[in-house]
Structure formats: C-alpha cells, structure tokens
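Step one of this worksheet: look at the structure below.
The values are calculated or read from the model by the stated rules, or taken from the named source; none is laboratory data. Just so it is clear, the model here is predicted, and its values are computed rather than measured. Here Cβ is always computed from backbone atoms with ideal geometry, including for glycine, and neighbour counts include all displayed protein chains. Accessible surface areas use protein heavy atoms only, side chains included; no ligands, DNA or RNA. Shrake-Rupley method; radii C 1.70, N 1.55, O 1.52, S 1.80 Å.
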Amino acid sequence: MCCVSLQVANQTLHTDRPDLPDCFQLSVLSWLPCIYLWVVFPIYLFYLKRNNRGYIMMSIMNRFKTVFGLLLWIVCWTDLFYTFHELRQGHTQPPIYFVTPLVLGMTMLLATFLIQFERLRGVQSSGVLFIFWFLSVLCSIVPFRSKILQASKESEVTDKLRFTTFYFYFALVVCELVLCCFNEKPPLFSNVVTDPNPCPETTAGFLSTITFWWFTRMAIKGYRMPLEAKDLWSMNPRDSSKVMVPKLLKEWEKEQSKAKSEPNLSSQAVYSKPPPKTTNHIVGEGGGESSPEEAEVLLSNQKAAPHQPSFLRALIKAFGPYFLIGSAYKVLQDVITFVNPQLLRMLISFTKQKGVPDWWGYSLAFLMFFTAFLQTLILHRHFQYCFVTGMNVRTAIIGAIYRKALVITNAAKRSSTVGEVVNLMSVDAQRFMDLTTFLNMLWSAPLQIVLALYFLWQNLGPSVLAGVAVMVMLIPFNAVIAMKTRAYQVEQMQYKDARIKLMNEILNGIKVLKLYAWENSFKEKVLTIRQKELNVLRKTAYLGALSTMAWTSAPFLVALTTFAVYVTVDENNVLDAEKAFVSLSLFNILRFPLNMLPQVISSMVQASVSLKRIQSFLSHDELDPHAVERKNTGTEFSVAVINGKFTWAKEDPAVLHNINVMVPQGSLLAVVGHVGCGKSSLISALLGEMEKLEGDVSVRGSVAYVPQQAWIQNATLRDNILFGKPYNEQKYTCVLEACALTPDLEVLPGGDMTEIGEKGINLSGGQRQRVSLARALYSDTDVYLLDDPLSAVDAHVAKHIFDNLIGPEGLLKGKTRILVTHGISFLPQVDNIMVMVEGRVSEMGSYQELLSQNGAFAEFLRNYSLEDIIEEDEATDEIIEDGELFPEDALSNHTDMADNEPAINEAKRNFIRQISILSADGENPKSRSVRRHGCSQRKHSEQQEKHKPHEKQKLIQAETAETGRVKAKVYLEYIKAVGPLLSVFICFLYGCQSAASIGANIWLSQWTNDASNNQTQENVHMRVGVYAALGIAQGILVMISSFTLAMGNIGAAKKLHNNLLVNKLHTPQSFFDTTPIGRIINRFSKDIYIIDEALPATVLMLLGTVFVSLSTIIVIISSTPIFAVVIAPLAFIYIFVQRFYVATSRQLKRLESVSRSPIYSHFSETVTGCSVIRAYGRHSAFILMSDMKVDDNQKSYYPGIVSNRWLGVRIEFIGNCIVLFAALFAVTGKENLNPGLVGLSVSYALQVTMSLNWMVRMSSDLENNIVAVERVKEYSETKTEAPWEVEDKKPPPEWPMEGNVEFHDYSVRYREGLDLVLKRLTLNVKGGEKIGIVGRTGAGKSSMTLCLFRLLEAAAGEITVDEVKIAEIGLHDLRSKLTIIPQEPVLFSGTLRMNLDPFERYSDEEVWKALEHSHLQKFVSNQPAKLELECAEGGENLSVGQRQLVCLARALLRKTRILILDEATAAIDLETDDLIQSTIRTQFEDCTVFTIAHRLNTIMDYTRVLVLDKGQIAEFDTPTNLISQRGIFYSMAKDAGLTQ
C-alpha cells in the first residue's frame, strides 16, 4: 500500500533527530482518531437517543465549530482531488494517498454531524469529541515536525499543495480542540435555570468533569468561612428520592408479582381474596409507585412460599446499569496500572545502555507521567460512579422501608420493634452503601493478581511461586487476626454499653447520690467496667500491631523469598536492577488486592444478612385498604358494623366477636366496659387497622381519630394541631378555647409556636391529650373516633372539654362521635351507650334504658359507685385550693404516658427544667375561677415573680459547635496525656523503622549493581542475609512502634476518662440543672469512643504515611540531589490543597451528621403514629417529608464524596509530578548514576501517591477527632463543689449526738444572678423535735432541705448542727450524717442489697431488720434471689410504692440523728403512705425530723409547724396554736377540710 521499505528502526531509535516514515504517518497516525470516532459513534448515538435534555440554542461558538468542521472536510477532500489530478497528470501515487483523505473527510463530516446532534440533545460539553480532537492534534504533531524537518533538509518544499493543506488542517484541528474546552449554554427549559443553587456538575464541561474542577468553588468557599446548609447545592434530579425510590419499588413490585404468579402447589397456598384493582402504595409525585396489591396468601403450613421475591434482583435491575459504567472504568484502570512497571523496566535498561539518544529517556519519563495521570482520572471516575450508586441505593432503601412501614399490618409490626426498623434504615442501608464502593474488587482483585503474577513470571520465572506461597500463607494469618479482633470488638461494645448505661443512671440520679454521699461507690463501679474495657482494647492493640506488621512486611517477605529462591535455584540467575525493581513495583501493586479481598468478602457477608432483613421486612403483609367501606352509601347510619369478627393477627384468636353497631348520622355513642374488654380494638377495627375475619364495616365520609395515648409530632404546637390543613385564625382560636388550651399557651415559652419535643416531651400528659383533641377538631371531618381522651386530664378539665366539645352542646354536635370513656358522669348526656364485655357487645341503648335493664351496665355503674364521683370532685377542689399541683407533678403523674426509656426521661427532665417557670396550675386552667377569694392578690404577685427569671437567662445554654481550625493547644493536651517522653520515643521508633526499610532497599540496589560488575557469585549469601536482616528488623520495629503507640493512646484514654469522671462526680448540682444529661452522656460515650478507638487508628495511619512520604523524598534526593529544587513548589501546592480540603470536608461531615438524625427520628415518630397518619389520610405528605429529609442528608453527603475525589485527583497529580521529576532527573544524570539507584528512586516515587493521599485524609480525620479531646477536656475542668472531706475540720465520728439544728440569718439562691429563695431565716430546732414545713408552691420548702445537705451553698448566714458549722466540714462528712427520704424514689440497676448499702457497711441481719421495719420483708423473702434481687434500671420491676419503701429502708439502715422527709407529691397509694408514717413515728422517735408536708393531716401531731411564704418564715408554732391564730396555716387546714 505504501511502497516504502520499513527502515523504521534506523530512522527512529538510533538517531538524535528521530523521525517516522511517511507511510506510517499517513496510515497509522491519521487513522487512529478516525477509528476511535467510528467505533464510539454507534454507542454514543444510542446514548444520546436515550438521554434527551432539551435542545440548546445555536450560539456563535457552535456556528464556529460547525464551520471549522466543514472546512476540515473540504481541506481533506482537496488532498483527495489533488491526488486524482496527479493521476490524470501521470504521477501515480500509492493507494494510501487516496484512502487516507477519503477516510479523514468522512470522519470530519461525522464529527460535524455530532456537533449539531449534541446541540439538539442538550449536551453542553462533549467528552467523545474532545478525545477525538485531542487524538487528532496528538497524531498531527509528528507530521507537523517531520514536514518542517524535511523542508529544512531539502531547503525547499517539494509538494507545496499538500504542505499547505496539512498546516490548514492542523490549525483547524487545534481550533476545534480549543473550542471544545468551552461550555455551551444550558439547554432551554432545564431545571438549572430555575434552581436557586444548582449543582455545577450538570453544566460542567468535559475537562472540568474529569478533573472535578467544578468542585473548586465550594472548596474555596469552605476555606474562607465554615460552610452552612444554605451553601450546599441542590440534589441532581436523578439522585433525588423522587426518582430513585420509585425506580427501586417498580423493580421490587415486578419481583413480587413474579413470585405471586408462580403459585407453589406443594404448600397448598390458599388465596384469601382476589387482588383488588386499586393500589395501596401512595402515588407520590413520581407517579410510578403504584403497586398491585398482593393477594394475601394463607399458607396452611405457616411457612413462607419457597419462591420469595428477591430484593437483590430488584436492586441489581434498578442500579446495575449505572454501576456497570463504573466497573468498565475499573477494568481500564486495572490494565493501565501494569503499564508503569513496564516503562520502569525500559527506563532502567535505558540507563544501562551507552549511546542511546536522550529523547528516548525523556519520552519514557513523560509517558510514565501520562499513564499515571490517566490512571488517576480513570480511577476517580470509577469511584465517583460507585459512590453515587451507593448513595442512590441508600436513598432508595430508606424510601422503600419508610413507605412500607406506613402500610404494614399490626401482626407484622409486632414482629419487629421500632428500633429494629430504624436499624434497617440506618445500619443496613449504610452497609449496602459501603459495599457498593468496593464491590468491584470482587472481580478486580483476582484480575490484578493474575496480571501481576503473569508479568512477574515473565520477569523471574518459576521463583515467583515462592513469593506467592508466602502471600497465600499470610491470608489465613490475617483472617485469624480479623476474627479475633471482631470478637474483641463485640466484647468491648458490651462493656461500653454497660458503662454508658451506668453513667446514664448515675447522671439521672446524681441528686440522690449527692444526698446519700454515695459517689465513691459508683465511681468504683464505673472504673471497674472501664478497666475491663481498656483490657480488651489492649488485647486489640496487640492484634493490631501484629496485623500492621503483616501488612507492612508482606511485600518485603515476598520479595525476599522470591529473590532468595531466584538466585539460589540456578547459578546463572543474576539479579539485576531491572528484575529487582520491576518485581518490587509489581509486588507493591499486589499488596492492595490481597489486602482488600478478605475485607470485601466480610462486608459482603454482612450485607447479605442486611439483605435478608430488608427483604423480609419489605415482604410483610400490608393492611387491606378495603377492610372498611368508605363509599357514601345512602343509609342514615354513618358508621355501621355488621357481624364483625376481628383479630390483630391472622394466626391469633379473634379479639372482637359478632359485633353489630349502627351509629346514626350526627349522634354521640359512648363505649364503656372494663379494662381490656376491647373498646380500643373496636376503634381500631373501624379505622381498618385490624384483620377482618368476617362481616362488613362501613364508615361514611372522612375520619378524625384521637388515640388513647396522644401522638405528638416533633414540630410546633400549631403544626401539631393544623396537621397539614391550612391555617384559619378564627377556627383555630375557637378550637383552642374548646380544648382548654388557651391558658397553656400563655405559659409555654413561645406560645403556639413552641417547638414540641419528641413524643411531646415538654407537654404534660393532659396537654398532649388536649392537643390531640384539638387536631381532631380542627380537621373538621364527618366521623370522630375518640379513644378515651378524657382519662389523662383532670376532672374539671374533662368536664370543660365534654361540655364545649364532645357533648350535646359542644362544637361537634351534628357530627357522628364515638367516645370510649371511663368517666361515668358524662354518660347521662350521651345519645347511646354501648357496653362491651370480653370482646362482645353485651347491651346497647340510652342511659335510662340500660339502667332499667339492670344488666352489665348497671353493675358497671355500681362498681364505680356514685360516691367515687363526688369524692373525685371534692379531691380536685382540694388540690386546686392547695395550689400544690405544680408542673413537675403534672408530669410525674403521667410518666406512664411516655415510654420509660432513659433518654426520654432525660429529655423530659430537661424540658421540665425549661418549663420550671410555668404557672402554678399545671393542669388546672379553670382553677382561677374555682379558687376561693382568699388568694387572688397572692396569685397576682406570684405570676409576676414567676416570669422574672425568664428574661434574665435561658435555662439551658446551647451547645457550642466547634468551627474552624483546631488549636495547637489541643494537640499538646493530647501529647501530654500520652506522655511527652513516650511521644518522642514513638516518633524515634517510626524513624528507625523507615531507616531500616530504606536501608534494605539501598542494599538491594547495591546487590543489583553486582550484576553489572560481574562479581555475583562470591557474596550471594551475604547479600541475601543482610537484606533479610534489615527487612526483618523493619518488621519488628513496625510492630514495636505500633504497639508502643497503642499503649500510649490507651494510657491517654484512661487518664482523660478518669479526669472526666472524677470531675463530673465533684460537679455541683446546679451544673446538672442547666445541662441536658444527653450532652454529658455524649462526652462519656461518643467522645470517649473516639479517644479510645478512632484517634489511635488515625494517628497510626498518619505517622505511617508521613514517614513513608519522607523516606521517599530522602531516597530521591540522595540519588538525584537536583530533585530538592522541585520539592518546594510541590510541597506548597500540597499544603494549599490540603488546607482547602480539610476546612471544607470537616464542615461537610458535620452538616452530614447533623442532617442524619432527623431522618431516623422522623421515622420512629411515623411508626408510632402511623394509625393516626392513616386515619387522617396523610401518608403521602409524610412520605414527602421523609424524602425531603433524606434528600437534605444526601445533599451534604454528595459534596463530601466529591471533595474526596477532588482531593484525590489533585494530590495524585502531585505524586505523578514526583514520578516525572524523579525519572527526568534520572535521565539527565544518567552518566553518573548506576541502574540500581535509578530503579530505587523511581520505584519509591511510584509508591508515594497513595501515601500522600492518605496523609491528607488522615490529617483531616485527626482534626475532626482531636476535637473529642477538647470536648472531654472542657467537661473535665468545670467548677467543682466543696471538698468531700476536710482533714483538719473532721467532726467527731459520733456527731451529731443531739440533733440540734440552728439557722442563723440564713439566705440562699439557686445560682449566681438569680433571686434569693430563702431570705434571712433564723430558727432554732432542739434535738428530737418533729418539724412540719408547709407553704404554697415556690415558697422555698425544698430549698431548706437542700441547704442542710449543702447542695445549695449559703449566700449569707450559716447553719450549725450540734455546735458544728456545716459550711466548714467536708461534704461527705456532712451528708453521711443526715438522712433523707426523697420525693421521687430513685433506684439504681443492681442488686437490692447494693441499693440499700452500696459500701457494704452493714451485715445481712441489719439489712433484713431494716426491710422488716419498712414492711418489705415479705416481698423480698418471697423472691428466689432474696437480697440479690436484681433491680431494673430506675427500679422498673418494683411498683412505685415498693420503691418508696426501699428508700425508707435505706433511711432505717443509716439511722442518723437527723431525718428529712420530703413527702411524695404524687399521691402514692394511701396504704404505702400510712406505712411510712407509722414507721417514722416508731423508729425515729428520738431523732430530729423535718417533714415537707403536702397533706396536712400527716403533720397535725408534730411538735411544731414552720409556715414558709416567699422564702421567709411566716408562722412557726405548734399546730394547735397556729390554727387558733387563724393565719395562713389555718386557711390551708380549712381548705384541706381539717378544721371548720
């Protein structure tokens, strides 16, 4: 074809001015770009047809591109016609001169077509064309140079036309390439235009996309100031829940229907009903989420059908294609990885040969750089695809689980707790996300291993097998270590949980611990657990050191065995630089896949477990949406049940039998019956929440539902009431009035815009119930189902609500109402009463009819006899008179309303603290009018006082989130905790280890130089021996250094935790009143966990990478000193990039973790309230809310992924530059370098990229994690209370003998800056007196007791007990001599014995005696464990009364001269109360007793009564004298009905 003899070698390789023959230029070089474009064209065309983004308007740039394309076609064909012209002239040219211009011309036309087609399809920047123009320019450079060389050689141009056309062609191609770098405008009608903060990725050009340049803007912004949520870009539409979730659900539904359509005959599946036509899934905006409602299969053998729908298949179908693109990149990258060792071989052989032209070395250096750079770009594209897939999988799984949770049946709900389902969302979805990133390693690792072995075999022959054998042996070693580590982790988690649980209890009961002076006992308990935890950590550290050693020495050991075998097997085998260093670089490549494989496999195992869990959850039965007829049938009954039989789960027995109910339009039906007779179940049945076995249910019109336990969202009060309905002020105020909520709004800090905590924590039980009623009332529906809404509120509030809302005169008259109730007083006013007995309707009719029938209803009334009602009313009145119902009690009465999780109680407590400023009425909005005239003035002034503290300070300070850089001081603190000497020693060890490693490699390069000097045989053994010694020394040093480091870290962790714990136990009570417990617990759990585990790992990696990078630079400089020149600019760029990255990624991580928890809390809220959500028909709104929360979270996660890619590309570019310069300088200094040194420096340079990358990541992690040290430190240095023991002021051991207590001019305040609570009290109490302390709420009664214990320190004045000033002695000396029986009985988890006597000071007989006196002996001796009876957390497994008695037993055991009794406000059952009172009278008759009384009858026989009012003594005398004085005490006694 060319008629040119191929003297290529002579023309190119062996001259200083190389050139390629014309034929090669015309054929290969011209055709390369064309072949590329024609191969890619069909695939690209298919892609463009599928993806249309709308067309782009013709721009000037586009016109230029098109014109240039046409010109190129003309230029190419000019050549063609000129060849024909020459043919006519008789100059015959070879065929290549016809073919090439023809092909080129066609290709240019194709390129021009693509330019226009892309514009119509909305492609803003084309990668395909960019690569084409780039290749064209690359390939034209050679002819460009050679044409000039020829012309200069022959001093004139022979072929003038072709010469000219070529330069035209070259200029046009370069123009096209330049134009291709710029972006087109976004397509018309694209969302980029409408979006306020679009992600620049969609509009980024090709170059910007592959180098992630578009992220730079955010990196700069994040560096200038901490990023905030508003700076984040919106999600790409294709990654949003709106697109992703339906995509997965569509595939999953296909799977389900496929599983359904192959009915399995063997298990006799019985279809209970045909699949109804309508859908049960909510059609979101995506519209694609409808699901064929599955026919419910009742399996006779209770097993699931063998053919289950496969969730995995659904995932693969939904996300596989996108993921495969990433995999394609991975294949490319794997292949390119192996190019560099080959180039290294050529470079080493180049330095060996004499007389090779220099340009060859330079081109090799640049080729190395280019392949490394290409590899970087491809690798990060692959990661980008994988991470985005992972993110999409997480989005879709969370969405699918959320949608499913709204429609599963109750039976299914019972099989998995809320916590488990939240775990599915958080843990399992996360596992899938983590797996997708490494999934490709499954096939890529074996591929890399096979390729590496192939090249090694070529290099060293069969000796490689020795090395491989070592690798294979290391795998089980690593696996064993991993197994052990995992076992240790589990064990350590258990200790950690136990420790946190204990801490939680300690902090919850801190006040009790202080009052009893029990801190030391509990400190010991925590420290023993902590010690066990640290022991496990230490074991893990041993293992960690081993595995680090295996990981660093593996490549060395492999190299050692291979080389040793290679030189000893055969005398003729010579180890030269090529073989040694190429093998080394291949071994280094091997290291990564070998290490990754076991990890990938273990994470696959975890993911498969997760897969099963998610699959079984998504396969649960769903509620039948047609169980309840909703059509507006023409009857006058708005609710009808005919022959209903209902059950909660198909396999359970029926709960309701034979139910027949007809409720006429607009009537009020009351449902009554004993506890557990099925009243609530009936309501559930009407809502369609139960399985209907037989019969029909129809409900006409819309439904509003008030559950028995109010369900409150974490939103503002107003949102809770509106529940998605538009706001209408008039209607809204009317609703608030009717629900008696107006007075409550006045006391809430933000009125109706107050944020309500999770589960309605900062509302009392009654307020929650009323909000729930208000929601129903506001929704304005046709049918109201009210499940016992009146039980949680006070009697008179209930009456108010019944009259204004539910009853015949209420706002709802005319609507259909079904009311479940226990309140008998309302029954006469309802239209119909239905009495239920054991799941059946026993009778039904009006009040009068039922009374006359004298059946079950009449008996029910007798049980709750009318006297009760009257008494109930009086009691309420009394309490109102007393004004003693302050909010804390309103809450403590309803503890059963909230789940008693510690976290909840904790949060409840915080909110109580916030509301401690509420008015005295708690639940009594009406009390103002009821209260007798005597108090109106008092009331007024009290109100004003109450609101004062509010302006002065917020009770709970917001937690400070760290922003910006961490100060050097924190690092120093940590180094101090590790130990300064130890820290220096650790660095020294790392230095030694690097030195050993460099030494081994330098020795290797000396060894390889033996080959060129032909003195190989004599000293093989010495060479191998020293090499081995150095390498093994390195391994041992690695182990020692990582172990010393771990020990230092554990020591630091121990020290930091001890300081924190000791400080927290010494902290005054006021700190705990203003700091939420969750915040303190967080220091003990999360921050300590980081210091225990995350920090050491980070420090280990950081030190490792720093020393590797340092040793690389040292090696390169030592072999080519000129390299030092380049270090400064590279280091500058490196530090620059690092600072930008760290600042941005740290803030992105924070934003991501902040936006993560709302997803889960919203979900658990939804699960608990799904019956309410369904009843009001709000599922689609809630699904949208969940999707928004997920998208918000992914919005901060996505830039986080990209920031890692951005960093990777830039840092690896620096690494590639190091490779380039190392190679370049090796070429320039070739004369005085031996091949061994070249190999050494370049192979070191090839490794450095990884280390540089990890160094930045780790330094960023270190900054994120070291904050934990700062936070722990902050809480270890808070102000402490007075010392526990003052040696020189110790009171005598038998003090106090008498029990005289004297207050002298005593004043006290709760905290700095607040008003005095007690003002100038002076009183004197003789030993043995019994003093009752009374007064209205807030008069300072409890403060007096706190003062005796010095939980509050005096503001002025002093207290003396038996001539000792209590302010001067140690706190423990004081507190251990006083005894208190506190209001709320606090028990700790542990044995009963520990709860009575944590220091084990008393014998068993004494303990039993105390139990006997406190009337607990019978109960305890009946328990199998006796005194070792385990108390649950908070004493859950004892009744409240029993807990109170345990506290009494504690007091009896201590038996001190002074007893303080803080009477329980919540009226515990009268029986227990009497027991306590009688015990105190008998057992403590010779002690001084102070009783804070809430019920006056207990103190009427006391020696004296102290009446406090606003912190001052109002009256102080014997009860009889006080009554005759007719003062405050008299009015209180009168209110209580004790005097006339």
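Annotations for the structure displayed:
- Among the protein heavy atoms, those of residue 1502 account for about 20 Å² of accessible surface (1.4 Å probe, every chain in place).
- Among beta bridges from DSSP that stay inside the chain, the antiparallel ones total about 55%.
- Between residue 349 and residue 629, residue separation times 0.36 nm minus the direct Cα-Cα distance comes to 92.1 nm.
- Between helix 127-154 and the chain: long-axis angle, C-alpha atoms, 0 to 90°, nearest 10: 30 degrees
- Three-way shape label, the stretch 750-862, alpha-carbon gyration tensor, a/c 1.5: prolate
- Fully extending the segment from residue 1055 to residue 178, taken as 0.36 nm per residue of separation minus the present Cα-Cα distance, adds 309.5 nm.
- Adding -39500 (n - 2.57) for every DSSP H run of four residues or longer, then dividing by how many residues the chain holds, sets the calculated 222 nm ellipticity at -20000 deg cm²/dmol.
- Crossing angle, helix 339-352 versus the chain [Cα axis fit, 0-90 degrees, rounded to tens]: 40 degrees
- Point-to-point label distance, residue 152-residue 1432, nm (Cα→Cβ direction, 7 Å offset): 9.3 nm
- Take the chain with all the other protein chains still there, run a 1.4 Å probe, and you get 43 Å² of accessible area per residue.
- Net lengthening on full extension, residue 1314/residue 859 (0.36 nm per residue, minus Cα-Cα): 158.1 nm
- Equivalent ellipsoid dimensions for the stretch 1349-1476 as semi-axes, Å, which come from the Cα gyration tensor, largest first: 29, 17, 13
- Ranked order, 454, 322 - accessible area, probe 1.4 Å, largest first: 454, 322
- In this calculation the C-beta distance from residue 479 to residue 316 is compared with R0 = 35 Å, giving a FRET efficiency of 0.80.
- Rounded to 0.05, the FRET efficiency of the residue 570 and residue 217 pair, given R0 = 60 Å and the Cβ-Cβ distance, is 0.45.
- Whether the chain is rounded, prolate or oblate, judged on the alpha carbon gyration tensor where a/c under 1.5 counts as rounded: prolate
- Sites matching trypsin sites (Lys or Arg not before Pro) across the stretch 767-829 that sit in DSSP coil, with at most 15 neighbouring C-beta atoms within 10 Å: 813
- Using a probe radius of 1.4 angstrom, the carbon and sulfur fraction of the accessible surface of the chain is 61%.
- Measuring r between the beta carbons of residue 602 and residue 336 and using R0 = 35 Å, the FRET efficiency lands at 0.75.
- Three-way shape call for the stretch 52-141 based on the alpha-carbon gyration tensor, with the a/c threshold at 1.5: prolate
- Among the GluC sites (Glu not before Pro) within the stretch 1250-1317, those in coil by DSSP and having at most 16 neighbouring Cβ atoms inside 10 Å are 1277, 1285, 1294, 1298, 1312.
- For the stretch 1280-1357, trypsin sites (Lys or Arg not before Pro) are listed when DSSP marks them as loop and at most 16 other Cβ atoms sit within 10 Å of their Cβ; the list is 1311, 1326.
- Taking a point 7 Å out from the Cα of residue 851 in the direction of its Cβ, none of the residues of the stretch 788-806 has a backbone N less than 16 Å from it.
- Taken one residue at a time, the phi angles of the stretch 1362-1374 give Karplus couplings (6.51, -1.76, 1.60, θ = phi - 60°) of 6, 6, 9, 6, 6, 5, 9, 9, x, 4, 5, 4, 6 Hz. Gly and Pro are set to x.
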